[in-house]
Structures are given as C-alpha cells and as structure tokens.
Amino acid sequence: MKLTMNRISQGEDEVIIRYHEMNGQIEMIAALAEGKAPKISARYDDEVILVSPESILYLESVDGVTWAYLSDKVCRVYESLEKAALSWGERGFFRCSKSMVINIYRISALRSEPGNRILAQMENGEQVMISRRYARQLRGILKGGAEDEEE
C-alpha cells in the first residue's frame, strides 16, 4: 500500500482513501480517520473507561485477570490475551509470551538476549521479554512479513 502525506498551512485536515476493493484494512483505516475505531472497555479505579488500543503498551494476564498497561496507568480489561491478539493484530498487537501481548508500535528499542529471546523497551521505559517461542515471528514481522512460528 502506498502512503502519501502532504502538510498544509491552512484549511481543514483531510484524509483521502483510494482503493480498488474494500477490505478489512481499508475499513480499519477509514474508521481510524473518522475517529470511529472500536475501543476496549476497561476498569480503572472504580470507573469503566474506554481505551483506544493504540494507547496500550502491552497486555498481561496475571492469575486469570488481564491487565492493560498504558503509559500512565494500569487498567483491568475483560478480553483474553488470545482474543486481543487476534482482534487487534492488524493494529500492532503481537503475542510475545504465554502471559503477554505487546503493541509493537509502542516499542522504543529492542535488544537480543541469550537463549534467542528479545528484550523490548517500551515508550514509557518498561521492559518486556519476548520469549524464544515468539522471537522468530517478531523478527519476521519487523523485517516486513510474518515468518511461520511452527518451524
């Protein structure tokens, strides 16, 4: 997909989408541009809040409870890690271990570790370990195409 962006000094911001055939990716881009992209329901303190998936750094499951880590707070979410990885995969969510799903668009640095693992530093400075089981797939994604994780 080709992306063209032009900065303007006046007038209203505008997004033009040109496509041959409507597909899931085009629908997602349109929803994001219109501000209608689905949000995740989460609990923070005693409130239910709606969280944009893009604001989530990573999700972690602890004792059967899924937590969403944002740059400034931690919220409880009611989606499983598996569902989050499948539902939000096109928006950067990647299963990085048995108990975590990471948003690859919120990684600021990566470092190879012994045992074929990868240490990811998130935008807020927290560090997340990518297990060896998922490290090869992440490397493939970062190179521009997913590699088969079953090899």
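Got a sec? Which of S80, S87 is closer than 23 Å to I49 by Cα, more than 14 Å from the chain's Cα centre (by Cα) and surrounded by 14 or more Cβ atoms within 10 Å (Cβ to Cβ)?
One residue alone meets the criteria, S80.
Being in contact with a Lys or Arg (Cβ under 8 Å, 6 or more places away or on another chain), without any contact (Cβ under 8 Å) to a residue 40 or more places away in the chain and not charged (D, E, K, R) is the filter here, so list the residues in the stretch 39-66 that pass it.
Pass one, the stretch 39-66, residues in contact with a Lys or Arg (Cβ under 8 Å, 6 or more places away or on another chain): 42-44, 49-54, 56-58, 65-66.
With without any contact (Cβ under 8 Å) to a residue 40 or more places away in the chain added as a condition, the list becomes 42-44, 49-52, 65-66.
A42, Y44, I49, L50, V51, S52, V65, T66, listed by residue number.
Quickly run through the stretch 90-108 and pick out the residues that are more than 21 Å from N124 (Cα to Cα) and out of contact with any Lys or Arg (no Cβ under 9 Å at 6 or more places or on another chain).
Selection gives E90 alone.
Which condition breaks for K73 when tested against (1) closer than 21 Å to M122 by Cα; (2) under 16 Å from the mean Cα position of the chain (by Cα); (3) of a type outside the set (F, W, Y)?
Of (1) closer than 21 Å to M122 by Cα; (2) under 16 Å from the mean Cα position of the chain (by Cα); (3) of a type outside the set (F, W, Y), only one is false for K73: (2).
Conditions (1) under 26 Å from I29 (Cα atoms); (2) in contact (Cβ under 8 Å) with a residue 12 or more places away in the chain; (3) part of a loop (DSSP other than H, G, I, E, B); (4) among the basic types (K, R), marked per residue:
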| residue | (1), (2), (3), (4) |
| --- | --- |
| E79 | yes, yes, yes, no |
| A85 | yes, yes, no, no |
| C96 | yes, yes, no, no |
| I102 | yes, yes, no, no |
| Y105 | yes, yes, no, no |
| G115 | no, yes, yes, no |
| I118 | no, yes, no, no |
| A135 | no, yes, no, no |
| L138 | yes, yes, no, no |
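Charged (D, E, K, R) and on the phi < 0 side of the Ramachandran plot, is that true of D72?
yes
Mind checking which residues of the stretch 31-64 are of a type in the set (S, T, Y) and under 20 Å from I102 (Cβ atoms)?
The answer is S52, S55, Y58, S61.
Looking only at residues in the stretch 1-22 that are loosely packed, with under 10 Cβ neighbours inside 10 Å and among the hydroxyl-bearing types (S, T, Y), which one is farthest from W88 (Cα to Cα)?
Among those that are loosely packed, with under 10 Cβ neighbours inside 10 Å and among the hydroxyl-bearing types (S, T, Y), it is S9.
Suppose we filter the stretch 23-61 for residues that are more than 18 Å from the chain's Cα centre (by Cα), farther than 30 Å from K2 by Cβ and open to solvent by 60 Å² or more (accessible area, probe 1.4 Å); how many remain?
Within the stretch 23-61, residues that are more than 18 Å from the chain's Cα centre (by Cα), farther than 30 Å from K2 by Cβ and open to solvent by 60 Å² or more (accessible area, probe 1.4 Å) number 6.
The values are calculated or read from the model by the stated rules, or taken from the named source; none is laboratory data. These figures come from a predicted structure and were not determined experimentally. No Cβ is skipped: glycine too gets one built from the backbone with ideal geometry, and neighbour counts run over all protein chains shown. Accessible surface is based on the protein model in full, side chains and every heavy atom, while ligands, DNA and RNA are left aside. Shrake-Rupley method; radii C 1.70, N 1.55, O 1.52, S 1.80 Å.
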